[in-house]
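Structure record follows, encoded as structure tokens.
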Amino acid sequence: MSQIGSEQNPLRVAIVGAGPSGFYAAEHVLKDGDLHAQVDLFDRLPTPFGLVRGGVAPDHPKIKSVIRVYEKTAAREGFRFFGNVKVGHDIEVEDLERLYHAIVFTVGCETDRRLGVPGEELPGSHAATAFVGWYNAHPDYCDEEFDLSCERAVVIGNGNVAMDVARMLALTDHELRATDTADHAIEALDRSGVREVVVLGRRGPAQAAFTNPEVKELGEMEDADVVVDPAEAELDPASRAFIESDEADKTSRVNVEIVEEFSRREPSGKGKRIVLRFLASPVEIKGEGKVESVVVGRNELVEEGGTLRAKDTGEREELECGLVLRSVGYTGIPIEGVPFDEQRGLILNDGGRVLDSHDSGHKAGHYTAGWIKRGPSGVIGTNKKDALETIKHLLADTAEGNLLEPAIPEPEAVEALLAERGVRFVSFEDWQAIDQAEVGRGEPHGRPRVKFVRVEEMLEALGEKVG
């Protein structure tokens, strides 16, 4: 057999998960002009782009323009998209091992971390993941129901997702109808009774995980005032020393400035309020059969091992509310046949090479990139560098011949297997047809698109085109 990556024996790579990491990994493999490679990108949904489509807030269209970069990757010779194919259900990892030299898992972190407080499971307490998926027309969440009849909602967390869901609860109908927010969400949010959104951060403004644009735009909303208690904007001595040191990055410094500026504002009497709270953690969610209040514990920052940590002071207050959205991070879901680090909620790996176990070596031909490799951190562009690290390892292993030895590496073999199992896969050309249909549905209303919210609707839009 000739060298892997030659014209006679092209490097065959399966990438599982068509979000940013999947596309960046595909680009890094295919752009090497000396390497003959074929990349098949699988996703369980008919739609590519992962959180760029299903996670980015609808009123942030500029962020979604990165899709043009991924479309260029999809146009490269050797690239194929297999949408509506779930690995572990329609096709198994061991099937991929028979078809490809290498498999790269880029499935992201698909579920939320738990708070671990009493009452977390009460009706009216939801993962922010579900709320984001619901307003973004993600098929997994289109049937979710959120009771928006209450006057106060509490958002738990201090990252960009927490900022997004707080903002979405406070946008006007006019602002929403200019976006690709799901129709069912626009209608429900238009009827919403929520007038105050309280955002709880367990540490102070200097430690907040949100980025400057996301917090700043809370102060620029059409019909919502942003409110910060001056006492909570005031930094403790350790945080002030950190912000004034060379250790603090620009993002943290500007975050503090923005929060301090908010604390000096007088409310202008807009219809809604977004209240940013700091050094505040939920201790219990209470209610008879549904969420009725959140017990909030007051924290202080203490230094432990060079890090400022939030410590409960024992001080308590109770906030009446009817909706809780938990945004304290994401974690991965194990894939059958792929070693998993249960403690970290990630695929077990070293620099993107999947490990057989904590104390053994690389599982030949298996790789990972993105959140499921390193955890839910960074912005969309962070995944490009992350994927490059993984693909460098994959290409080094290609040169060494340390990959899988597929029994049937022919490109048409995967199509035959899916056809044999009755799987209606969606090609990238099929996705483009779905895309055009959504854009066409939005045009009469002056909207960027009206999304299909169910897989069946997407497949119906294709008619007989689906393989």
Could you figure out which of (1) surrounded by 15 or more Cβ atoms within 10 Å (Cβ to Cβ); (2) within 16 Å of Ala37 (Cβ to Cβ) isn't true of Asp59? (2)
Tabulated pairs, the range 300-326, first more than 17 Å from Ser239 (Cα to Cα) and among the hydrophobic types (A, V, I, L, M, F, W, C), second outside any strand (DSSP E or B) and open to solvent by less than 90 Å² (accessible area, probe 1.4 Å), C-beta under 6 angstrom, 6+ apart or interchain: Leu323/Gly124; Leu323/Cys150; Val324/Val291; Leu325/Ala128; Leu325/Phe131; Leu325/Val165
Going by what's in this entry, would Gly375 be described as closer than 18 Å to Gly19 by Cα and open to solvent by less than 20 Å² (accessible area, probe 1.4 Å)? yes
Looking at the range 198-227, which of the residues that are surrounded by 21 or more Cβ atoms within 10 Å (Cβ to Cβ), within 22 Å of the chain's Cα centre (by Cα) and β-branched (Val, Ile, Thr) is farthest from Glu144 (Cα to Cα)? Val215
Cβ contacts < 8 Å: first residue part of a helix (DSSP H, G or I), restricted to the range 218-246; second residue basic (Lys, Arg) and open to solvent by less than 20 Å² (accessible area, probe 1.4 Å), any location; separation 6+ or different chain. Result? Leu218/Arg167
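Sort out which residues of the range 324-376 are assigned to a loop (DSSP other than H, G, I, E, B), touching a Ser or Thr at 6+ places or on another chain (Cβ under 9 Å) and closer than 23 Å to Glu120 by Cβ, and write them in order of number. Full working, then the answer.
Here is the first cut: in the range 324-376, the residues assigned to a loop (DSSP other than H, G, I, E, B) are 327-329, 332-339, 342-345, 348, 351-352, 356-361, 369-370, 375-376.
Retained after the next criterion (residues that are touching a Ser or Thr at 6+ places or on another chain (Cβ under 9 Å)): 327, 332-333, 338-339, 344-345, 348, 351-352, 369-370, 375-376.
Hits for the range 324-376 are Ser327, Gly332, Ile333, Arg344, Gly345, Gly375, Pro376.
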Residues satisfying the stated conditions in the range 436-452, i.e. of a type in the set (D, E, K, R), without any contact (Cβ under 8 Å) to a residue 60 or more places away in the chain and out of contact with any Phe, Trp or Tyr (no Cβ under 9 Å at 6 or more places or on another chain): Glu443
Kindly establish whether Glu415 is among the charged types (D, E, K, R) and over 21 Å from the mean Cα position of the chain (by Cα). yes
Among the listed residues Val69, Val13, identify the single one that is open to solvent by 10 Å² or more (accessible area, probe 1.4 Å) and touching a residue at least 24 places away in the same chain (Cβ under 8 Å). Val69
So in the range 253-284, with the set limited to residues that are at pLDDT 95 or above and more than 22 Å from Asp164 (Cα to Cα), which one is most open to solvent (accessible area, probe 1.4 Å)? Arg264
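The values are calculated or read from the model by the stated rules, or taken from the named source; none is laboratory data. Since the model is a prediction, treat every value here as computed from it, not as a measurement. Don't worry about glycine lacking a Cβ; one is built from the backbone with ideal geometry, like all the others, and counts go over all protein chains shown. SASA here: full protein model, heavy atoms, side chains in, ligands and nucleic acids out. Shrake-Rupley method; radii C 1.70, N 1.55, O 1.52, S 1.80 Å.
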